[in-house]
1. Quick one: in segment 361-382, of everything that is in a loop (DSSP other than H, G, I, E, B) and at pLDDT 75 or above, which residue is nearest to L336 (Cα to Cα)?
2. Could you check V341 against (1) modelled with pLDDT of 85 or more; (2) at positive phi and say which number it fails?
3. Being more than 18 Å from the chain's Cα centre (by Cα) and aromatic (F, W, Y): is that true of W277 here?
4. Need a quick list: helices (runs of 4 or more DSSP H) entirely within segment 130-207 having at least 2 residues that are at pLDDT 95 or above and surrounded by fewer than 21 Cβ atoms within 10 Å (Cβ to Cβ).
5. Among what's in segment 244-258 and is of a type in the set (D, E, K, R) and within 14 Å of N219 (Cα to Cα), pick the residue that is surrounded by the most Cβ atoms within 10 Å (Cβ to Cβ).
6. Out of curiosity, is T118 within 20 Å of L310 (Cβ to Cβ) and part of a loop (DSSP other than H, G, I, E, B)?
7. Looking only at segment 185-210, how many residues end up being within 10 Å of G79 (Cβ to Cβ) and within 16 Å of the ligand (Cβ to nearest atom)?
8. Quick check on segment 349-360: of everything there that is farther than 14 Å from L401 by Cα and surrounded by 15 or more Cβ atoms within 10 Å (Cβ to Cβ), which residue is modelled with the highest pLDDT?
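The values are calculated or read from the model by the stated rules, or taken from the named source; none is laboratory data. Source: prediction; values computed, not measured. Note that each Cβ is placed from the backbone with ideal geometry, even for glycine, and that neighbours are counted across all protein chains shown.
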Amino acid sequence: MGIYIPAGMGTNMIKSVLIFATAAICFSEASMLEAGAESLSQNVTIADSTNHWGYGYDSLLRDLAIWRTHPFVKIDSIGASVEGRAIWMVSITDSGDSLGPIDDASSRKRRVFIHARTHPAEVQAHYVANEAIKQLLDTGSKAEELRRGFIFNIVPMYNPDGVELGHSRLNAHLVDLESNWDKGVLEPEVTALKRQFEAFQAGPNPVEVALNLHSDQFNCTRFFFFHFAAGTSGPYEDLERNFIGRVQARFPGGIKDWDFVKSWDNGTQLRYPEGFWWSTQQEKVLALTYEDTNCPNAGRFDSTGRALVLGSSDYIQSRVLVAARRLARAVPRVLLLPDGVRIAGGASGSRWELNDLRGRRLAGGVLEGETSLLAWAALPSAPFRILSISRSAQAVERIRLPVRP
Ligand SMILES: [Zn+2]
């Protein structure tokens with residue numbers, strides 16, 4: 001979301017803008033766009049686009065051809081731009097079948113989605129995305145572990161027309177894709193990304209971390225746009241702090257603290273992709289904009305790409321542990337009583353199933369009250385019987401029942 005100074009802007013204005021940007025809110029998200037900067041940004045002359053800021057669509061095609069040779073890479077087009085260029089998504093995961101039931105926190109692959117270069121001049125965001133891809137294709141054991149447990153989907157060049165046409169922020173329709181998400185008619189690039197997000201959320205491995213990569217030329221540092229509870233929720237703020245802290249820990253001193261910018265302190269900003277995520281998924285998806293530095297101090301893209309990948313993995317793993325603890329607390333207690341089997345303690349909604357020793361189903365059903373009684377008289381008899389209590393597809397309690405109490 002870097003800021004580009006319109007040609008007509010005077011020195012004093014720039015100075016006051018600089019002070020504002022440093023002292024207060026995320027200037028690019030909240031203020032510049034509201035002030036109509038989108039229509040001005042075509043006049044920008046600061047970043048020279050004659051060579052596509054050093055990395056054009058052809059460069060991407062060359063890199064895609066290299067990545068495609070890796071056994072764990074799949075490359076798809078998620079849709080086409082206004083001028084018909086494919087919007088490429090690089091998917092990285094190993095071929096292991098660790099896809100488990102959706103509610104089994106320990107077995108399914110977790111999904112991280114990264115898209116970059118909404119704003120063509122912010123080529124640093126693209127380099128970070130490329131380094132993230134390189135990290136994931138590394139031959140080391142850490143990369144192997146990431147490919148085993150995660151699916152990473154990376155769109156390194158979300159706005160290919162803008163890159164090719166030399167627009168610093170806009171697409172071929174002269175629209176800023178970043179703030180198009182709440183419009184009645186969406187740009188084709190936004191539609192493509194939104195559909196991809198929706199398809200993943202409807203599948204067995206929904207997105208859990210969604211990163212939107214940009215670079216900023218006023219603050220000249222690396223930071224996230226933190227979304228305050230006024231536009232999200234208190235628990236979401238905790239998740240954001242957890243996430244940012246974990247990324248920072250993977251790049252010590254490299255990325256600013258969570259409170260570096262103030263954003264969404266007056267409500268949800270539906271025009272951004274993060275607004276889409278919050279309004280449809282709430283705490284289920286950690287969606288943040290990351291800003292690299294778009295200044296002469298830019299660099300260390302490898303450290304940043306690595307920190308984003310590892311921080312996402314650390315964050316999701318911490319969430320899996322929390323979910324497992326929560327599940328453990330809700331394990332129902334199974335008591336064998338003279339009149340039947342009593343199941344107590346958060347049992348409502350759980351399924352029960354009685355099997356013989358070979359696993360053949362004898363009976364089953366759904367528990368309705370917090371405490372339920374399965375009467376001995378109503379349970380089919382068999383030489384050996386195993387009673388399983390489960391939530392969704394995951395068994396949380398398994399007990400061998402006596403033939404005769
Ligand atoms: Zn940007």
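1. Here the answer is L379.
2. For V341, the failing item is (2).
3. no
4. Output list reads 188-202.
5. K256
6. no
7. Selection size over segment 185-210: 3.
8. R351
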